[in-house]
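These notes concern the structure reproduced below.
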Amino acid sequence: MNVSYLESPIGLLEIKGNSKGINAVKKVEKKTWQEESELPILLECKKQLKEYFARARTSFDLALNFENKPEFQVSVWEELLKIPYGKTIAYSTIANKLENPDAVRAVGAANKSNPIAIIVPCHRVIGKNGHLTGYFYGLSIKRQLLALENPMSFSEQGSLF
């Protein structure tokens, strides 16, 4: 298993990948692997994530590996990759883009199953009414990521003073 770790503003990130690309970025409480891999794709992923958190990167340029994942979920994740930095989109809009307007809940489930957090930006998906809705790491981290990308729209009350 090729694994590496990155301490980030939202906590410890575990990054997994192979020669085909990154297949997981997830927040973890502690390291579960003693040996970290020096696989070039993992090192590049860590570099790009550091740049993202430093507001020096607005898009990622990494090979992603969705091998053995359900086709519908992959189609949702591919739509997520099209959401521009600092912007948000509604679950229903993604369902419409997939020409399946009744699949709003399935889009939500695919978001929840996203194995490559931040890089596949499921945090940019919000409710149709504009409210922040579920995020598997909690709404406070979702707001933190959105504020990082667009501080004027997603700042906390009082943070502009």
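The values are calculated or read from the model by the stated rules, or taken from the named source; none is laboratory data. These figures come from a predicted structure and were not determined experimentally. Neighbour counts are summed over all protein chains in view; Cβ atoms, including those assigned to glycine, are modelled from backbone coordinates with ideal geometry. The accessibility values were calculated without ligands, DNA or RNA, using every heavy atom of the protein model including side chains. Shrake-Rupley method; radii C 1.70, N 1.55, O 1.52, S 1.80 Å.
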Within the stretch 32-62, the count of residues that are closer than 30 Å to Pro151 by Cβ, open to solvent by 40 Å² or more (accessible area, probe 1.4 Å) and not in a helix (DSSP H, G or I) comes to 8
Those residues of the stretch 104-147 which are open to solvent by 50 Å² or more (accessible area, probe 1.4 Å), in a loop (DSSP other than H, G, I, E, B) and farther than 24 Å from Phe66 by Cβ amount to Lys128, Asn129, His131
Condition test on Ser159, is it modelled with pLDDT under 95, farther than 27 Å from Ser19 by Cβ and in contact with a Leu (Cβ under 8 Å, 6 or more places away or on another chain)?
no
Condition set assigned to a helix (DSSP H, G or I) and among the polar types (S, T, N, Q), scope the stretch 78-99, selection least open to solvent (accessible area, probe 1.4 Å): answer is Ser92
Here the qualifying pairs (Cβ atoms under 8 Å; residues six or more apart or on different chains; first in the stretch 120-137 and more than 9 Å from Thr88 (Cβ to Cβ); second of a type in the set (Val, Ile, Thr) and in a loop (DSSP other than H, G, I, E, B)) come out as Pro121/Ile83; Gly127/Thr133; Tyr137/Ile10
